[in-house]
1. Since residue 207 meets every condition but one in (1) away from ligand 1 (no atom under 16 Å from the Cβ); (2) in a helix (DSSP H, G or I); (3) of a type outside the set (D, E, K, R); (4) within 26 Å of residue 154 (Cβ to Cβ), which condition does it not meet?
2. So, in region 224-258, of the ones that are outside any helix (DSSP H, G or I), within 24 Å of the chain's Cα centre (by Cα) and not hydrophobic (A, V, I, L, M, F, W, C), which residue ends up farthest from residue 193 (Cα to Cα)?
3. Give the residues of region 427-441 that are under 22 Å from residue 457 (Cα atoms) and surrounded by 15 or more Cβ atoms within 10 Å (Cβ to Cβ), sorted by residue number.
4. Would you please name the residue that is modelled with the lowest pLDDT, looking only at residues in region 163-191 that are crowded, with 19+ Cβ neighbours inside 10 Å and either in a strand (DSSP E or B) or more than 16 Å from ligand 1 (Cβ to nearest atom) (or both)?
5. Determine whether region 231-242 contains at least one residue that is of a type in the set (Phe, Trp, Tyr), within 16 Å of ligand 1 (Cβ to nearest atom) and at pLDDT below 95.
6. Cβ-Cβ below 6 Å, separation at least six or inter-chain, first residue in region 290-311 and part of a helix (DSSP H, G or I), second away from ligand 2 (no atom under 16 Å from the Cβ) and β-branched (Val, Ile, Thr): which pairs?
7. Test of understanding: among 287, 302, 261, which residue is within 14 Å of ligand 1 (Cβ to nearest atom) and touching a Pro at 6+ places or on another chain (Cβ under 7 Å)?
8. Filter region 131-179 down to residues that are more than 11 Å from ligand 2 (Cβ to nearest atom) and at positive phi, then give me how many there are.
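The values are calculated or read from the model by the stated rules, or taken from the named source; none is laboratory data. This structure is a prediction, so every number in the text was calculated from the model and none was measured. When we count neighbours, we look across all protein chains shown, and the Cβ atoms used for this are built from the backbone with ideal geometry, even at glycine.
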Amino acid sequence: MLTTHSPSSREAGPAVKAVPPARRAAESSATHAVDPTVWQRILQNVRLHHPSLNRVWFDQMTPRQLTNGVIQVTVATPAQLNFCQSQCQQPFTHAAQSITGRLVAVSFHCENIPRGGVFNEGDQPLPLNPDYVFENFVTGPCNRLPHAASVAVGENPGKAYNPLFIHGGVGLGKTHLLQAVCQTILQREPGARICYLSCDAFMNHFLDAVQSGQMSDFRHRYRDVDLLLIDDIHFLTDKKLIQEEFFHTFNELYQHKKQIVLSSDSPPNEIPQLEERLVSRFNCGLVTRVDKACYETRVAIVKKKAALRGMAMPDDVACYIAASIDTNTRELEGAITRVQSVAMLRQIPIELDLARQALGDDAQAATAPQLTIQNIIDAVTQFYGVKLADLQSKRRHRSITMPRQVCMYLARKRTRYSLEEIGGYFGGRDHTTVMHALRAVQDRIDTEIAFRGEVEQIDRTLTSKAA
Ligand code: ADP
Ligand code: MG
């Protein structure tokens, strides 16, 4: 039986020492049942320290047993398993150690993984997110058509719209819809042969196959499926060889009436340097766009996301968050997380004042149009010592492209201009170039501390101006 430790020894490190080595060894090689109250405390601990991770279905997890120092936990679906394995292993292990005072780990399992059928590269289960199902997708004028088309494809793959091509800006629900199609089909037909992957993964797999001379394996894998879904297909831009290969894959599936679903940041004919014959293939089914959600839809999304996390979300707070953040749904989720974290930290219920404080900066950005692109250009040109004319030119030297990308990033973050408007300002660039810039800057912010410092410093001079 797994028992709890006294509160004084609960903090991770020393607690482990509290168990004499001989006893620990004896315990770790045996199998025990897990005390349900201990499990409840582990769950509570995770919920307290990782509120945004929490899902209401955590209540249905079953801690099966403690074997060789590992608490084996069963979840209901492969998508839940994927969520737990990719995001929950560490938090649950820390919680288990802190609650029991023992050097235990937590591992997740699922008994319903279909044999055969489902795969992606390397025959792993599909990387599906249990949140991304139709039930959790809020519809509004911005996404009614792509949603309806996805539902139809989920119900009638290969018959409704083929290919289904969904395009739109970042964070507007494309990946959510693609995964919802997969999960609908899998629920009805667990053995369906579905191939769902990102365009990046497809391209990497292709390059590996070329290098290792395993093209026939590659072809078999992608052409011998019932359903192929590729996310962010716009990354095919510019890649001649891969486009050629994908063209044949596409034709093979299409001729056999196998369903193809693609997502992209722009419509087929606006993907730069995409072969004409692919453009026309992509256009031959249904091409449909997701737009930014309107206020009412955003309110409903905030409520839906809160419910998934088991959060109590008063109406006025949902409205406030929806009114403050109008860029995309991913940022809406970030705002929910910030409000939730502040409430947890201060141990107070979620209410309007708290949301105002938690979202101070974002709300200000959304309601303070006084910051202009010119302010941003002034700050960036001064910081990097470049000229406006260079930023607006076609020059592609790194000393110019980097500050230009930072300008676009800050313009997107701090003003309400659209991607098209921002691109237009910086030398008539189109919105895909701006999206590429935003991604490039965000990637570097995430991975390079020094670069993040630079951008934050420029951003601070801007906010002090706006204040
Ligand atoms: P994209 O692939 O278009 O960049 P995602 O599908 O990754 O966007 O969506 C970003 C986040 O926003 C996800 O958590 C997704 O669940 C959520 N989301 C987007 N649109 C909706 C919607 N209409 N209803 C509920 N959640 C949504
Ligand atoms: Mg996506």
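1. (4)
2. Among those residues, the one meeting the criterion is 237.
3. Answer for region 427-441, where residues must be under 22 Å from residue 457 (Cα atoms) and surrounded by 15 or more Cβ atoms within 10 Å (Cβ to Cβ): 434, 437, 438, 440, 441.
4. Ranking the qualifying residues of region 163-191, first place goes to 186.
5. yes
6. Filtered contacts from region 290-311: 297/138; 300/138; 301/138; 302/321; 304/138; 305/336.
7. Only one candidate passes the filter, namely 261.
8. The total comes to 1.
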